[in-house]
Amino acid sequence: MSAPKLPARLAARTDELNVAHEAWLWVKVNLAFLTGAVAVLVIGVVLARVLSKWADRALTGNTRIEPTVARFLSNLIKYALWAIVAITVLTQFGVQTTSIIAALGGLALAVGLALQGTLSNVAAGVMILIQRPFRVGEYITAGPVAGTVQAIGLFTTEMLQLDGLYVMVPNNELWNKAVVNHSRMPTRRFELVVPIAYEDDLGAAKAAMLELALGDPRVLAEPAPLAFVASLGDNAVRVGVRAWCKASDHLALSWALNEQVKLRFDALGFTVATGVPAPR
């Protein structure tokens with residue numbers, strides 16, 4: 001004869017008791033591992049918070065590090081600490097983390113290949129913020145791009161051209177080009193070369209250009225202005241003047257001296273020769 005079947009409700013109750021008993025046995029057997037895992041989790045969370053806050057204060061409080069770089073490094077350290085805590089806790093629970101780490105590494109590689117251009121801009125942005133080839137407010141040229149830097153981000157740099165146009169440049173484009181910073185140094189050299197005819201008075205031309213340079217208050221006394229003969233061409237003598245000024249005065253000084261030299265040479269009856277390179 002077959003054993004009598006238990007009522008459905010009683011059978012379900014029996015199954016619940018068996019599951020609870022098995023769970024209790026598992027807890028008793030693995031109590032040491034559970035205690036260690038909980039302890040590692042608590043200690044890891046506390047240490048991760050303390051270290052991440054300390055790193056954030058140390059980075060953001062350092063005036064030599066750009067705020068954008070400081071925030072990026074602070075977040076990177078925080079996420080790295082949390083990842084270490086998570087892997088350590090999983091190891092305490094007996095989870096084989098080798099396969100998980102390998103899968104995460106493969107996923108990171110796939111994401112890196114898919115976002116290769118974007119990540120190169122991030123890397124270039126970090127290097128720009130660390131190396132500081134230019135800062136906000138400085139005027140730079142890099143290849144075909146020129147303008148005053150408005151903002152430097154991890155992905156792009158915002159610039160304002162002299163004609164008022166807004167330009168957003170990927171950081172990778174700036175990092176891979178030679179950057180000329182027109183505002184970094186406090187002083188700049190100005191040079192003006194004008195071709196005149198061989199019949200004109202060379203000494204008078206040099207004296208006139210030097211006088212005009214010395215008479216402009218934007219020209220610095222040291223290094224002293226200098227008038228010179230740049231070259232002897234087929235049709236003209238290229239006479240010039242070289243002077244130093246503040247970087248902020250360079251453009252205005254160049255406009256002023258170009259105009260004043262033209263007017264003075266006209267008054268002296270000199271002929272500005274043609275067929276030679278234009279004045280710089």
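The values are calculated or read from the model by the stated rules, or taken from the named source; none is laboratory data. These figures come from a predicted structure and were not determined experimentally. Cβ coordinates were reconstructed from backbone atoms using ideal geometry, including for glycine residues, and neighbour counts include every protein chain displayed.
Go through the residues of the stretch 220-231 one by one and say whether even a single one is in the same structural domain as Gln260 (by TED's automatic domain parsing), of a type in the set (D, E, K, R), part of a loop (DSSP other than H, G, I, E, B) and within 30 Å of Gly269 (Cβ to Cβ). No. Residues in the stretch 126-149 that are modelled with pLDDT of 90 or more, surrounded by fewer than 16 Cβ atoms within 10 Å (Cβ to Cβ) and closer than 15 Å to Pro170 by Cβ: there are none.
Checking each residue in the stretch 211-234 for being among the β-branched types (Val, Ile, Thr) and either under 37 Å from the mean Cα position of the chain (by Cα) or surrounded by fewer than 11 Cβ atoms within 10 Å (Cβ to Cβ) (or both) picks out only Val219.
Quick check: is even one residue across the stretch 191-202 assigned by TED's automatic domain parsing to the domain that holds Val237, surrounded by fewer than 17 Cβ atoms within 10 Å (Cβ to Cβ) and part of a helix (DSSP H, G or I)? Checked the stretch 191-202: at least one residue is assigned by TED's automatic domain parsing to the domain that holds Val237, surrounded by fewer than 17 Cβ atoms within 10 Å (Cβ to Cβ) and part of a helix (DSSP H, G or I). Checking each residue of the stretch 258-266 against the condition of being in contact (Cβ under 8 Å) with a residue 12 or more places away in the chain, more than 29 Å from Leu162 (Cβ to Cβ) and either in contact with a Pro (Cβ under 9 Å, 6 or more places away or on another chain) or not in a loop (DSSP other than H, G, I, E, B) (or both) gives no match.
Against the criterion of being among the small types (Gly, Ala, Ser) and within 10 Å of Leu257 (Cβ to Cβ), Ala208 does not qualify. From the list Leu263, Leu268, Leu257, the one residue that fits, being surrounded by 15 or more Cβ atoms within 10 Å (Cβ to Cβ), modelled with pLDDT of 90 or more and not aromatic (Phe, Trp, Tyr), is Leu257.
Per the listing Thr187, Thr157, the residue uniquely farther than 30 Å from Leu226 by Cβ, in contact with a Leu (Cβ under 8 Å, 6 or more places away or on another chain) and of a type outside the set (Lys, Arg) is Thr157. Do the conditions hold for Ala80, that is, is it assigned by TED's automatic domain parsing to the domain that holds Ala39 and either at pLDDT 85 or above or farther than 22 Å from Leu41 by Cβ (or both)? Criteria not met by Ala80.
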